[in-house]
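The structure appears below as structure tokens.
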Amino acid sequence: MKLHTTSRAVKFFLISTLLLLIAAVYLTFGTTKRAEHMVWGVSFSKRAAEGLGLDWRSIYAAILDDLRVDHVRLGSYWDEIEPQPGALDFADLDWQIQQAEKKGVHVILTLGRRQPRWPECHVPHWAKELSDAEQKSALLEQVTEVVKRYRGSPAIEMWQVENEYFLSSFGVCPTPPVRQFLMDEIALVRSLDSRPVITTDSGEMSVWFRTAGLGDVFGTTMYRRAYNPILGVANWPQPPVYYSRLGRVVQLFTGFKKMIIVELQGEPWAKTTLQDDTTEVNYETLSPLQFRANIQYARDSGIDTAYLWGVEWWYYMKTERETSGFWDEAQKLWQVSPPGI
């Protein structure tokens, strides 16, 4: 009996190892067909612009008028919109949405407690004093008000519910992620509007199964170089084919309709802060050459939509350090050739 059990264990180990090797080969080697037409967008954050000491309205206007960006991901930060309980201030977000409407720009609007930019969970001071249940109830009320306010806007293309919700290793959040609460948020948004819901996850530190099937669209991050205080500057090892092939596998099990790159690295990984690091240090994780390589990497992945991260940084480098390489390179993505050319 013991010999039989040992034999089964060895057989299971060998089969598991073989399947893992097949999966590794499938996800790592080979090429994939490039998208015939890429849709490019950017993530814009008022607080990221202000953190760089810049006028956020000037940057946003330059994004739409100079770069001519036509797809933008925006945040509805809870601590900015509801600084006091029940006292909602939509003035800044109203302006961003209105400008997008005027220019015919498509908007992904992020909802919830966890949204792009540090500290990830943007909780008002007053809500931090609430119990977990009370805080979540207050959050759902805020999400309701945001969706009801902007569901009439033609600019809104999708609602993103939370941001990399299960990535608990990064950010400052009051409680661990709870799948049921994320599902409750998504159900609430669906009950208020029919536009697609997008959920997101880390492309480098997750395999997406917990997140991808909860929305209509799934968004992955795509980072190439990062800084860690222990490891220093390091490259992520995945080839571009990894993202699209993993996406196809996950799609088979979860059934989401479309996959996009929701956050393509276009900003350095700071050692202190972006503006306090020298340009030389900035360039260790994102130089203009690496920026171009990241754009090409996204093209080679076979995924046809990519939102770049770091547009506020490009503007800072252009205006504060007189280095326009990032801005100029990005501008090429939205240039429209005159008729006949």
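Before moving on, here are some points about what is shown:
- Within the range 187-211, the residues that satisfy the criterion of being part of a loop (DSSP other than H, G, I, E, B) and of a type outside the set (A, V, I, L, M, F, W, C) are ASP193, SER194, ARG195, PRO196, SER202, GLY203, GLU204, SER206.
- Any pair with Cβ under 7 angstrom, 6 or more apart, that starts in the range 38-53 at a residue that is touching a residue at least 24 places away in the same chain (Cβ under 8 Å) and ends at one that is in a strand (DSSP E or B) and among the small types (Gly, Ala, Ser): MET38/ALA306; TRP40/ALA306; SER45/GLY75
- Number of residues in the range 141-186 that are under 17 Å from THR199 (Cβ atoms) and surrounded by fewer than 18 Cβ atoms within 10 Å (Cβ to Cβ) equals 10.
- Residue within the range 323-333 that is surrounded by 18 or more Cβ atoms within 10 Å (Cβ to Cβ) and under 19 Å from the mean Cα position of the chain (by Cα) present: yes
- Any hit, the range 160-180, residues being assigned to a helix (DSSP H, G or I) and out of contact with any Gly (no Cβ under 6 Å at 6 or more places or on another chain): yes
- Selection of the range 118-140 for residues being touching a residue at least 40 places away in the same chain (Cβ under 8 Å) and charged (D, E, K, R) yields GLU120, LYS128, ASP132, LYS136.
- Unique match (being in contact with a Leu (Cβ under 9 Å, 6 or more places away or on another chain), acidic (Asp, Glu), at pLDDT 95 or above and under 28 Å from LYS33 (Cα atoms)) among GLU312, GLU267, GLU329: GLU267
- Exclusive hit being farther than 21 Å from VAL143 by Cα, buried (at least 16 other Cβ atoms within 10 Å of the Cβ), modelled with pLDDT of 95 or more and of a type in the set (S, T, N, Q), set THR221, THR200: THR221
- When residues of the range 49-95 are limited to those that are under 21 Å from ALA330 (Cα atoms) and hydroxyl-bearing (Ser, Thr, Tyr), the one surrounded by the most Cβ atoms within 10 Å (Cβ to Cβ): TYR60
The values are calculated or read from the model by the stated rules, or taken from the named source; none is laboratory data. All values reported here derive from a predicted model rather than from experimental measurement. Counting neighbours? That spans all protein chains shown, and the Cβs are built from the backbone with ideal geometry, glycine included.
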